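Chemist: Before I ask anything, here is the structure I am working with.
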């Protein structure tokens, strides 16, 4: 009986020490070109338990050119994602829009206020064990 209790105690200690540790927080995103033949740059992001924000690669737009932007969250994304267009200095050209969690999306467009480079900025405040996942793009 003492042997069984000792073995059970060791097993429980091992399981509780090594088997119950939560997954460490992580966040990452990568940039890519949407498709050939169009000025388009995109981001794919994944966050688990840590906030994430960043920018797409820039696109070039002449003054008045219509720029489109959007973001779609994955069906298992527990958090929404905020997006907006910023100029080369990081100044917001549009207000924040939010793609809802669980496969939601949000898109918009705006005329370039001046000739120059523009990027998609995204932000997700995933600070719990939930997930923030999805894809966004800026194109003209």
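The values are calculated or read from the model by the stated rules, or taken from the named source; none is laboratory data. Because the structure is a prediction, the values reported are computed rather than measured. Glycine gets a Cβ as well: all are built from the backbone with ideal geometry, and neighbour counts include every protein chain shown.
Chemist: If residue 29 meets every condition in (1) surrounded by 16 or more Cβ atoms within 10 Å (Cβ to Cβ); (2) within 16 Å of residue 80 (Cα to Cα); (3) at pLDDT 80 or above apart from one, which number is that one?
Modeler: (3)
Chemist: Consider residue 63 carefully, then state whether it is modelled with pLDDT of 95 or more and either over 11 Å from residue 133 (Cβ atoms) or in a loop (DSSP other than H, G, I, E, B) (or both). If you could, list the steps in order and put the result at the bottom.
Modeler: On the way: modelled with pLDDT of 95 or more: yes; either over 11 Å from residue 133 (Cβ atoms) or in a loop (DSSP other than H, G, I, E, B) (or both): yes.
Considered against the rule, which asks whether it is modelled with pLDDT of 95 or more and either over 11 Å from residue 133 (Cβ atoms) or in a loop (DSSP other than H, G, I, E, B) (or both), residue 63 comes out as yes.
Chemist: Scanning segment 33-53 for residues that are under 16 Å from the mean Cα position of the chain (by Cα) and over 11 Å from residue 136 (Cα atoms), which turns out modelled with the highest pLDDT?
Modeler: Only one residue fits best here, namely 53.
Chemist: Further question on the same structure: Considering only residues of segment 88-135 that are in contact (Cβ under 8 Å) with a residue 40 or more places away in the chain, under 17 Å from the mean Cα position of the chain (by Cα) and not in a strand (DSSP E or B), which is surrounded by the most Cβ atoms within 10 Å (Cβ to Cβ)? Walk me through it before giving the result.
Modeler: Pass one, segment 88-135, residues in contact (Cβ under 8 Å) with a residue 40 or more places away in the chain: 108-135.
Applying the additional criterion that residues be under 17 Å from the mean Cα position of the chain (by Cα) yields 119-135.
Checking the rest, the ones that are also not in a strand (DSSP E or B) come to 125-130.
On the way: 125: 15, 126: 23, 127: 13, 128: 12, 129: 11, 130: 16.
Looking at residues that are in contact (Cβ under 8 Å) with a residue 40 or more places away in the chain, under 17 Å from the mean Cα position of the chain (by Cα) and not in a strand (DSSP E or B), I get 126.
Chemist: I would also like to ask the following. As an exercise: evaluate residue 70 against (1) surrounded by 15 or more Cβ atoms within 10 Å (Cβ to Cβ); (2) part of a strand (DSSP E or B); (3) modelled with pLDDT under 90 and give the number of the one condition it does not meet.
Modeler: Single failed check for residue 70: (3).
Chemist: While we're looking at this one, here's another question. Taking interchain pairs and intrachain pairs at least six residues apart, which have beta carbon atoms under 6 angstrom, with the first residue in segment 61-84 and under 12 Å from residue 97 (Cβ atoms) and the second part of a loop (DSSP other than H, G, I, E, B)?
Modeler: 80/100; 80/101; 82/96; 84/94; 84/96
Chemist: In addition: From 138, 85, grab the single residue that is at pLDDT 95 or above, in contact with a strand residue (DSSP E or B) (Cβ under 8 Å, 6 or more places away or on another chain), surrounded by 22 or more Cβ atoms within 10 Å (Cβ to Cβ) and closer than 22 Å to residue 39 by Cα. Spell out the reasoning first.
Modeler: Numbers: 138 fails: at pLDDT 95 or above.
Only one candidate passes the filter, namely 85.
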